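This report refers to the structure that appears directly beneath it.
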Amino acid sequence: MTALVDAGLLADVQKFGAADVSACFSCGNCTAICPLSDNDGTFPRRLIRYAQVGMKDALLGSKELWTCYHCGECSDTCPTQADPGGFMAAARRYAIASYDRTRLARTMYTSPLAGSVIAILLAAFFAVFMYASHGPQSTTSLQLFGFIPEALIHNTGVVVMILVFLAGLAGIVTMARGIARREEIALHDVIGGRAALARSGRALWSALAVESLGQRRFRADCETVQDARPWYRRRWFIHASTMWGFLGLLAATILDYGLAVIGVKATGTPVPLWYPVRLLGTLAGLFLIYGTTMLIIDRLQKANRAASDSKASDWTLLALLWVTGVSGFLIEIALYLPQPPAWGYWVFLFHVSVAMELVLLAPFMKFAHAVYRPVALFFYTLAGDRSAAGH
Amino acid sequence: MGGTTERRVGVYVCHCGGNISDYVDVERVVAAIRDEPGVVVAKNTIFACADASQSEMIEDIQRHKLDGLVVASCSPKLHTTTFRGVAARAGINPYTYTQVNIREQDSWAHTDDPAGATHKAISLIKGGIARTRLTEPLEPLVVETTRKALVVGGGIAGLRAAIGLADVGLDVFLVEKERELGGWVGRFGTMYPHERDGRELIDGLVAEVRGRDSITVFTNAELMARSGSFGNYVAAIRINNDLPELVHVEVGQIVLATGFDTYQPESGEFGYGIDGVVTLPEFKAMVDASSGPLTYHGRPVRTIAYIYCVGNRQPGGNEYCSKYCCAATVHASIEVAKLPGSVHQYHLYRDIRTYGKYELMYTESRKRGSVYMKFPEDMPPAVALDASGRLMVTTHDTLTGGEEVTIPADLVVLVTGMVPRRNEELMGLLKLPVGTDGFFNEIHPKLRPVETVVDGVLIAGACQGPKNSAESVASGLAAVTQSAAILKKGTAELDPLVATVRAVACSMCGDCLTACPYSAIEKAEVAGREVAAISPSTCKGCGGCVPVCPEDAIDLRGYTDAQIRAVIDSMLEEPVA
């Protein structure tokens, strides 16, 4: 299969923050130093080559793009200062924008100003939209759903979820088709027959559980520069803490709603701190706040290669996550205060608006890596499994 | 002297470090030839060519009153001149020296058979002794030379050579086939590596030529015939005006700077013939003529694909590398990048040979965005039109592991190299040999780079082989030095190892006239009889005429029939081991 050259590819990827990798002469130092270069000895060099030549489909269809955790060893050893690690990060941004057909992601990435305006306007929209239906602010106890109706939040959330699901699915399909075409994997290779299903099941387990939730390679292979740091300051833990915190909060929210559906507890009913769902939410919130706070500190201190070149898109995601986490925690504090504070209502409105925005924008910003990376890792494991099986 | 008086010969057998003695039992060889007739001194030596060994030989020659010298060592190509010099410094005739090759033709060839190699060395040395015993003292031929030079070709090498020759005080005739002086460079715009305009360079050189009274320029002119001999040639020049005229000039040296042609691709070769597929010279002219954004037939050029090594380095075709084209193309791509508008440039190559300082241009072109893609030797790129009429170049990119890539291009540049000019007439009338590649051959690529086997005919520039303009000028100036070294002396010495005719025996059958590749033999009247006469200054001593003579009337000095017979007899004396 011949690859049709897109001569403007490199210039386009550069709009997403890549260094000018035209200086790269494929010496392979990056491959030699990379702790992940275990396939055919061409990672990450070959991906840079794709950009130089203009092989757009090859770049976007490369599952390897998403295996990198940007330890930065390659950039430190590159003799031409082409910054391979920075290039990989930029190529992932480019990929997120390319898998999205609405061009919203491209706009947010390539124009930080437009991105910021969209983010602020969207949060403001949600706030105004929900405030428009507001009720009284009870002063005897913090009646949050009296202020903003629960049904409104719920229904808005469902609409947002559906939109995100559709946009995310479209992106995943675009990406998966690109990789599958490149890897010459047909649908029946993935789900056709018992052996294929078993293989796919293993790959899915590896991608989701071992690598994504467990951060195996990030932890075992890519923590090369910070070995001197204590575990709670290492990149993988900070990242995992953020992810676990977010997932924990998502789970607590769904469980809380679930409890209401099966009639155990109405949403918003005051519960003690040890109540399991509340406990999960509290712990997850702490993880999220710790993770995002440390991520922000690392970026401010330029503590490592990945954190020393921060784009607007990095700050946007961190800011939204941190604000969501911290505002949620403030609400919890407000709930347990003996005297309900008036600010609790405003923080609640703020929290709900930002959380809605965070979810709605997820497929169009850095957040999208949370699904694209597991998809790529699925194909990565599948390819290893297939080659081991002699395909 | 001849064989009547016994000769006194010194024989030295060289170890050449261990190159010879590791396989040849040198001590045994010396013992075996010590008692050969005429041998007075027989020694072995670790390095015969070392200064100390040479001094020892001179001492031996003088103390033992030797009159012949044999050194058994390496190839005569390496050290004949060295030991002839030893003989001369010791006061004996240098042509009494014989070099015996027991390295290239013995020790190196028979590393598996030391006994056989030793036996062969003895035979070869006995033959050498026999030859030296029959040597006669010879003196170099001295000819007076005409202090004028002819330069054929008015390109950058010829122009620079003409100026150089004039500046050392020689009269110069410059012959150019075209109506204008300047050759290829005269058509070029900006050139590497100094970013000077080729036309300006040529204009400067032409002005210098015109400013020198001692240079006579014939344009629209061709060399038609050459007669005479080394140092005193007569050249016939035809000037192709409306009324063609023939001019004869006497010259001592002829410098050929006839240049090159560019390879012309076959129709269909890498898409040649399709609109938008051009050769490097065509492309260079396009770029030179552009000041605004690059266009081709009025259409903007946004993507260019260069295909390197077209017509070069092809097995069975032009196997050589033209070595200027990489740098010229890289330079042109930088010129394109400097033009307004952005052009994507893909260089599809086998190897990039921007040697020496030109490497910096390669780096610059990469910095300016050129993408270099190496294709495997057995998978050359293919050029075709797609359904919409767009040029598509398909290649394999080695650096992605050989993935197939198709580049939509507005222009495809075939980087064509140099081919020898088709000038059979010139080759014929000068008797100049060409290599298998068709370019004129020098005597020695390192040590005698501008001389040819025809004395007095020098080669400069790309007629000798692919060169860029800087290298062409350098070889033009080398030809100036070489010409001046001979012509400024007023006389020239020639090797006396030439063929001679015993006039009384000659029946003038004419066989030798056709056998001679150098036209050195002519009919002459001797004592009222027509016989063959050999011009000693034209004869190269190849010996081609000797065996064809039915009367045995021709002998080659230094290699007479008597000597050759004696060599054979001596070699056969040694029984086969």
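Rule-based calculations on the coordinates, nothing more; no lab input. Quick caveat: nothing in here was measured; it's all calculated off a predicted structure. Here the Cβ positions follow ideal geometry from the backbone for every residue, glycine too, while neighbour counts run over all protein chains shown.
To make sure I understand, if each residue's beta carbon is the centre and we count other beta carbons within 10 Å, what order do B:M427, B:M392, A:M88, A:M161 fall in, fewest to most?
A:M161, B:M427, B:M392, A:M88
What order do you get for A:S133, A:S62 when you list them from fewest to most C-beta neighbours inside 10 Å?
A:S133, A:S62
List, largest first, the extents of the alpha carbons of chain B along their principal axes, each in whole Å.
So the extents along the principal axes, rounded to whole Å, are 91, 63, 43.
Given 25 °C and 0.890 mPa s, compute D for the stretch A:221-305 with the Stokes-Einstein relation, Rh being the Kirkwood radius over Cα pairs; round to the nearest whole µm²/s.
170 µm²/s
Give the residues of the stretch B:263-303 whose amide nitrogen is closer than 16 Å to a point set 7 Å from the Cα of B:A382 in the direction of its Cβ.
Residues B:268-272 fall inside that zone.
Using a simple spin-label model with points 7 Å from Cα along the Cα→Cβ vector, what separation in nm is obtained for B:T500 and A:A170?
Calculated label separation equals 10.3 nm.
Under the rule of at least 5 residues apart or a separate chain, name every residue whose amide H is placed under 5 Å from the amide H of B:M508.
Sorted by chain and number, the residues that satisfy this are B:A532.
Residues of the stretch B:354-383 with the amide nitrogen closer than 14 Å to a label point 7 Å from the Cα of B:E195, along Cα-to-Cβ, please.
B:361, B:364-365
For the stretch B:193-277, state which GluC sites (Glu not before Pro) are in a DSSP loop and have at most 10 other beta carbons lying within 10 Å of their beta carbon.
Those that pass, being in a loop and sparsely packed, are B:E195, B:E266.
I'd like the distance between the alpha-carbon centres of the stretch B:299-341 and the stretch B:175-196, rounded to an integer number of Å.
Spelled out, the Cα-based centre of one part sits 19 Å from the other.
Antiparallel DSSP bridges in chain B: what percent, to the nearest 5?
50 percent
Taking 7 Å along the Cα-to-C-beta vector as the label spot, tell me the B:E59-A:R177 distance in nanometres, rounded to one decimal.
About 9.5 nm, to one decimal.
Please report the antiparallel percentage of DSSP beta bridges with both residues in the stretch B:263-417, rounded to the nearest 5.
40 percent
What is the set of long-range amide H partners of B:D261 at a cut-off below 5 Å, with H atoms built 1.01 Å from backbone N?
Placed amide hydrogens put B:V419, B:R421 under 5 Å from B:D261.
Which of A:A82, A:A90, A:A342 ends up with the largest GNM mean-square fluctuation for chain A, with Cα atoms connected below 10 Å?
Comparing A:A82, A:A90, A:A342 in a Gaussian network model of chain A, the most mobile one is A:A342.
Can you give the extra length, in nm with one decimal, that the chain gains between B:D261 and B:E180 once fully stretched, where that is 0.36 nm per residue apart less the Cα-Cα distance?
So the chain would gain 27.5 nm between B:D261 and B:E180.
For A:D6 and A:L283 in one chain, what is 0.36 nm times their gap in residues minus the Cα-Cα distance, to one decimal in nm?
94.9 nm
For A:V158 and A:L273, what does the FRET efficiency come to when R0 = 45 Å and r is the distance between their Cβ atoms, rounded to the nearest 0.05?
Efficiency, rounded to the nearest 0.05: 0.95.
Which of A:G157, A:L213, A:N304 sits closest to the plus end of the dipole of chain A, meaning its Cα is farthest towards the positive end, when Lys and Arg get +1 and Asp and Glu get -1 on the C-beta?
Farthest along the dipole direction, towards plus: A:L213.
Over what distance in Å are the Cα centres of the stretch B:50-66 and the stretch B:506-538 separated?
One Cα centre to the other: 42 Å.
Relative contact order for the stretch A:104-388: what is it in percent, counting Cα pairs under 8 Å that are at least 6 residues apart?
31 percent
Take the Cβ-Cβ distance between B:E282 and B:E208 as r, set R0 to 30 Å, and report the resulting FRET efficiency rounded to the nearest 0.05.
0.50
Would you pull out the residues with amide H under 5 Å of B:R196's amide H, same chain only if 5 or more places away, H placed 1.01 Å from N?
B:M191
For the residues B:I163, A:I172, what sequence is obtained by ranking on other C-beta atoms within 10 Å, fewest first?
With the sparsest Cβ surroundings first, the list reads A:I172, B:I163.
Taking the stretch B:127-225, which trypsin sites (Lys or Arg not before Pro) meet the DSSP loop condition and have no more than 13 other C-beta atoms within 10 Å?
Here the sparse-neighbourhood loop sites are B:R179.
Quick one: Karplus J couplings for the stretch B:341-350, per residue in order, coefficients 6.51, -1.76, 1.60, θ = phi - 60°, nearest Hz, x for Gly and Pro?
x, 9, 10, 7, 10, 10, 9, 9, 9, 9
How much of the DSSP beta bridge set in the protein assembly as shown is antiparallel, as a percent to the nearest 5?
Around 50 percent antiparallel, to the nearest 5.
May I ask for log10 I(q)/I(0) of the protein assembly as shown at q = 0.10 Å⁻¹, from a Debye sum over the Cα atoms as equal point scatterers with solvent left out?
-1.16
Points 7 angstrom from Cα along the Cβ direction at A:A114 and A:F25: gap in nanometres?
Output for this residue pair reads 3.9 nm.
May I ask for the distance between the Cα centers of the stretch B:429-479 and the stretch B:141-169, given as a whole number of Å?
When both Cα centres are located, 15 Å separates them.
Place a +1 charge on the Cβ of each Lys and Arg in the protein assembly as shown and a -1 charge on the Cβ of each Asp and Glu, then give the dipole magnitude about the Cα centre in debye, rounded to the nearest 20.
Result for the protein assembly as shown is approximately 3740 debye, rounded to the nearest 20.
Using the Kirkwood radius built from alpha carbon pairs, what does the Stokes-Einstein equation give as D for the stretch A:104-388 at 25 °C and 0.890 mPa s, in µm² per second?
117 µm²/s
Which whole-number percentage describes the relative contact order of chain B, with Cα contacts under 8 Å and a sequence gap of 6 or more?
14 percent
Label 7 Å along Cα→Cβ of B:E245; the stretch B:198-238 residues with amide nitrogen under 19 Å?
So the set is B:214-225, B:235-238.
Give the Rg/Rh ratio for the stretch A:9-99, taking Rg as the radius of gyration of the Cα atoms and Rh as the Kirkwood radius, to two decimals.
So for the stretch A:9-99, dividing Rg by the Kirkwood Rh gives 0.91.
How much net charge surrounds A:H70 when only other residues with a Cβ under 15 Å from its Cβ are counted (Lys, Arg +1; Asp, Glu -1)?
Net charge in that neighbourhood comes out at +3.
So if we plug the beta-carbon distance of A:V261 and A:R233 into 1/(1 + (r/R0)^6) with R0 = 41 Å, what FRET efficiency do we get, rounded to 0.05?
0.50
State, as an integer percentage, the relative contact order of the stretch B:9-138 based on alpha-carbon contacts under 8 Å between residues 6 or more apart.
The normalised contact order for the stretch B:9-138 reaches 32 percent.
For the stretch B:9-138, what percent of Cα pairs sit more than 20 Å apart?
Summing the P(r) of the stretch B:9-138 above 20 Å gives 36 percent of all pairs.
Take every residue in peptide A:18-30, count the Cβ atoms of other chains within 10 Å of its Cβ, and give the average of those counts.
Other-chain Cβ atoms within 10 Å of each residue's Cβ, averaged: 2.
What Rg and what Dmax come out for the stretch B:66-198 when only alpha-carbon atoms are used, in angstroms?
Spelled out, the Cα radius of gyration and Dmax of the stretch B:66-198 are 25.4, 68 Å.
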